[in-house]
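Here the structure comes first, spelled out in structure tokens, and everything after it is commentary.
The values are calculated or read from the model by the stated rules, or taken from the named source; none is laboratory data. Keep in mind it's a predicted model, so treat the numbers as computed, not measured. When we count neighbours, we look across all protein chains shown, and the Cβ atoms used for this are built from the backbone with ideal geometry, even at glycine. With ligands, DNA and RNA removed, areas are computed over all heavy atoms of the protein, side chains included. Shrake-Rupley method; radii C 1.70, N 1.55, O 1.52, S 1.80 Å.
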2 protein chains.
Amino acid sequence: MFKLTFLGTGGTLPTANRNPSAIIINRKGELLLFDCGEGTQQQMMRAKTGMKNLTSVFITHYHADHILGIPGLIQTMSFQGRTEPLHIYGPRWIHEFVNILLALGYYKLNFEVKGYELQPEDVVERSEYVVKAIKTDHGIPSLGYVLEEKERLGKFDRERAIELGVPPGPLFSKLHSGKTIFVGGKEIKSSQVVGPPRRGRKVVYTGDTRPVDTIVEAAKNADLLVHDGTLTHDLLDWAIEAKHSTAKEAAEIASKACVAELMLTHVSSRYSEDTKPLLMEARSVFKNSHIAKELMEIVIPYQD
Amino acid sequence: MFKLTFLGTGGTLPTANRNPSAIIINRKGELLLFDCGEGTQQQMMRAKTGMKNLTSVFITHYHADHILGIPGLIQTMSFQGRTEPLHIYGPRWIHEFVNILLALGYYKLNFEVKGYELQPEDVVERSEYVVKAIKTDHGIPSLGYVLEEKERLGKFDRERAIELGVPPGPLFSKLHSGKTIFVGGKEIKSSQVVGPPRRGRKVVYTGDTRPVDTIVEAAKNADLLVHDGTLTHDLLDWAIEAKHSTAKEAAEIASKACVAELMLTHVSSRYSEDTKPLLMEARSVFKNSHIAKELMEIVIPYQD
């Protein structure tokens, strides 16, 4: 299971149909949240994600539309009896932010909220995956994130193993995990039946940003790039001033990075009636482009 | 126009269908907000209330589900170009709250947010109405609010005025506003054609509270009482512990205060499938009881 759900895809101003920014990823049952705009807890309820397995929140920057859902979320999780700590990662200012968060209103939290300040290129290491911070350009301290699974074991050639006289069972696992075994006095090496390690799945989320080379670099061959696509390219001046990207610019990044799929998010309220102009523009540059919308789910399969 | 719209009617934990607490009143075009839970700005968009004419927010207490919508709301109003100050009233702690509010995230507010601390019985005086703070009982500093229009001019008896020889026109207005006039040398007093002053409309919102006598007193003959109705009476122990009211208790308050209509709000998530138990219980005590729900509108007419 590797499922990304868009909880909030609106621009700076929410609309009746688009919430402020939030994306949740369910990876093998663990939940990771990327940004947490106002209303995120309710969107999680609508998406039926649950909250118990949320371990970490990754904040791209401290504009209101990316963070205001956190106080309510942690309050609700506390009411639900959570005792495990919640890890919140973000660019410079995270400690001040967490302090303010905990001072807002009458809270009785039964668990710890831990803030971690990340710099570009910093890596949060977990047993099966990493989350890497990327330099972005939004005029204030900001980060994008790469969620990438570590390499998996190579493909196990079951037929070849049987040919070599290995009986199905525990010896298969030994070979698969890289060990050499002996069957009837004959040495059989893992490399004889196991292919090269296979790459894990990779998703990149930019948060709000101008298009930058560091994203191209970080998103190389990603399964999915979720990029700021606030405006159409006729409003480039505005995008430059507000430090956002146009659909065309996002598609150019996707194309350069050879990603499998591009999702545009942080859609300006000016497209609330019709997102086709954004979509057509992006597709003219990068064919597999889409516009994110509320509660849309994307399941990322292994590529091999 | 005197229209109350429920923006959030959920209990402490929102659900997919019930937002945290917020009520907006449109009185002759001016908007007054009572509590402002997370997601209120988006609910205002869904209710098409606009934001420009919002002058004041009245907070009942500082639990997260009553206040977390304020930061996003003021940020959005600022983006929309607001320059008029916003007045926020609440019980003890309002100044700390406003300070924290303004420190949360990268704000660029173009207008002033003014906090005012109210004590029970304090009155906010406006030209045509008052908002009076009521003592409630929620275990932390808390207030309920009475919004009451000042007395209106009495009914003008147009036929009687014509009988007395007054020509329709500006003299009618003079008489109506209390002045004495002379027509053909004859004195005509206002009291000859104008009835006694008529009471204004009156709405009471309790916020979260145990049932208390101060509400009975404050809600006397109100057009509408919006009362905490979190739980059914079989869960009275829980209501006492959490400092909320049961539907039965709220209905008893409504009955004692002789209000015209009771709306129960702050509905616990345990009734998200079916609110009938709350409704039946309230109606067994006070017939004109209802359960609030999202985007429900109540227009309050003049009673005479």
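Annotations
- Per-residue HN-Hα couplings for segment A:230-236 [Karplus 6.51, -1.76, 1.60; θ = phi - 60°; Hz; x = Gly/Pro]: 5, 9, 7, 6, 5, 9, 4
- Chain B, closest residue to the rotation axis toward A, by beta-carbon, whole angstrom: B:Gly39, 2
- For B:Glu30, the amide hydrogen comes within under 5 Å of no other amide hydrogen, counting only partners 5 or more places away or on other chains and with H modelled in the peptide plane.
- Using a Förster distance of 30 Å, the FRET efficiency for A:Met280-B:Lys48 (Cβ separation, nearest 0.05): 0.50
- Counting Cβ atoms of other protein chains within 10 Å of each Cβ in A:96-102 and taking the mean gives 2.
- Residue-span extension gain [B:Asp237 to B:Arg92] - 0.36 nm each, minus C-alpha spacing: 49.4 nm
- Drop in accessible area of at least 30 Å² in the complex versus isolated chain, residues of segment B:1-33, 1.4 Å probe: B:Thr12, B:Leu13, B:Pro14, B:Ala16
- Two-site FRET efficiency, A:Val183 against A:Glu128, from Cβ-Cβ distance with R₀ of 22 Å, rounded to 0.05: 0.10
- Under 17 Å from the Cα of B:Lys132 - aspartates and glutamates, other chains or at least 8 residues apart: B:Asp35, B:Glu117, B:Glu121, B:Asp122, B:Glu148, B:Glu149, B:Glu151, B:Asp208, B:Asp213, B:Glu217, B:Asp223
- Here's the picture: a label point sits 7 Å out from the Cα of A:Asp304 along the beta-carbon direction, and within segment A:252-292 the residues with their amide nitrogen under 19 Å of it are A:258-261.
- Taking amide H atoms as placed 1.01 Å from N in the peptide plane, the amide H of A:Met296 lies under 5 Å from those of A:Phe6, each 5 or more residues away in sequence or on another chain.
- Pairing chain A with chain B buries about 3100 Å² of accessible area. This figure sums both sides and uses a 1.4 Å probe.
- Exceeding the 18 Å Cα-Cα cut-off - candidates A:Lys150/A:Lys287; A:Lys28/A:Lys48; B:Lys135/B:Lys220; B:Lys202/B:Lys256; B:Lys150/B:Lys202; A:Lys243/B:Lys108: A:Lys150/A:Lys287
- With its label point defined 7 Å out from Cα along the Cα-to-Cβ axis, A:Ala16 lies at 2.1 nm from the matching points of the other copies, in increasing order.
- All lysines inside 19 Å of A:Lys179 as judged from Cα atoms, apart from same-chain residues fewer than 8 positions distant: A:Lys155, A:Lys189
- Distant-in-sequence amide H partners of B:Leu68 (H built 1.01 Å from N, under 5 Å): B:Glu38
- J(HN,Hα) series, segment A:50-61, from Karplus relation 6.51 cos²θ - 1.76 cosθ + 1.60, nearest Hz, glycine and proline x: x, 10, 4, 8, 6, 9, 8, 10, 10, 9, 7, 5
- With at most 12 other Cβ atoms within 10 Å, longest stretch of chain A clear of loop GluC sites (Glu not before Pro) (DSSP): A:152-272
- Taking a straight Cα-Cα cut-off under 16 Å and skipping sequence neighbours fewer than 8 places away in the same chain, the lysines within cross-link reach of B:Lys186 are B:Lys174.
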